[in-house]
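Structure first, then comments.
Throughout, read-outs are computed from the coordinates displayed, never taken from laboratory work. None of the values given here were measured: they were computed from a predicted structure. Ideal geometry is used to build each Cβ from the backbone, glycine not excepted, and the neighbour counts take in all protein chains shown.
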Amino acid sequence: MTAQSFQCPSCGAPVTPKGNAAVVSCPHCNTSVVVPEELREDRSQWTTIVFDNFTSNENKWPAGRETSEYFSSIDRTIGDGRYRWEVVTGRANSISPAWMTAYQVSDFHLTIHCKHISGSKLGSSWGALFRIQDNSNYYWFRITDSKHFAVSVVKGGQWKTLLDWTLMDAIKPNGLNRLEVIAQGSHFVFSINGQVVHELDDDHVTRGLVGVAVEGYTVGEKTVFDFIDIAVRIPRSES
């Protein structure tokens, strides 16, 4: 690789960025990949509004122990560079969300690193929430350690599947995974560990908050996740 190229996450070949494009195609395997921001020609077009690596709780994430009708217990702690979630599923197919309240965004580039610490590969998922209005209105991009991912939108409490569960080898079971969402208007680009896995258009929700969530599928199963960091970039014209 040269100083101005990066490694394709799919085949390992060198990829050269093109101008300020956020997504390019690998010339060797034709996989769409996200260009690291530092290699884009004009980085001044985007600005980072938040980078949280969970050394403290300055963004006021929910923390502590609680129960709900969906989870027998939820224990969330922040410190030592991680936002740890320990949950016990009380009802199958349940979700527990959390989000930052200070950053309303429309167009954005969201990046989240997380590791599944314990629990079965099929029993749970974690992922990114975005354009959150409240508990009944948001988008949801998540992965499982069984190497599947899916995308949904919740509008007025009604779930709509935008992409059903899809197998993706880019996911690292029991490893550190990176999810990214690039939103520009109604167009969304989703990537896992630098590899673009899906693109779609949807205009159910046009602006909102960002956050994280976990889902539990197996009643009684305990699952542990460590969120390592979250970053949000927006077009400089919106900052």
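Counting only residues at least eight positions apart within a chain, or on another chain, the lysines with an alpha carbon under 21 Å from that of Lys172 are Lys115, Lys121, Lys147, Lys222.
For the chain, the Cys residues with no second cysteine's beta carbon closer than 4.7 Å are Cys114. Assuming charge only on the beta carbon of Lys and Arg (+1) and of Asp and Glu (-1), the dipole of the chain about its Cα centre is about 220 debye to the nearest 20.
Remark: the Leu200-Asp169 segment gains 9.2 nm on full extension, using 0.36 nm per residue and subtracting the alpha carbon distance.
Of interest is the spacing of the C-alpha centroids, which for segment 190-209 and segment 129-169 amounts to 10 Å. With a simple spin-label model that places each label point 7 Å from the Cα along the Cα-to-Cβ direction, the separation between Thr48 and Ser186 comes to 3.3 nm.
Sort segment 193-239 into rounded, prolate or oblate with this rule: let a ≥ b ≥ c be the square roots of the eigenvalues of the Cα gyration tensor; rounded if a/c is under 1.5, and if a/c is not under 1.5, prolate when a/b is larger than b/c, oblate otherwise. Prolate, because a/c is 1.5 or more and a/b exceeds b/c. In percent, how large is the relative contact order of the chain, given Cα pairs closer than 8 Å and 6 or more residues apart? 27 percent.
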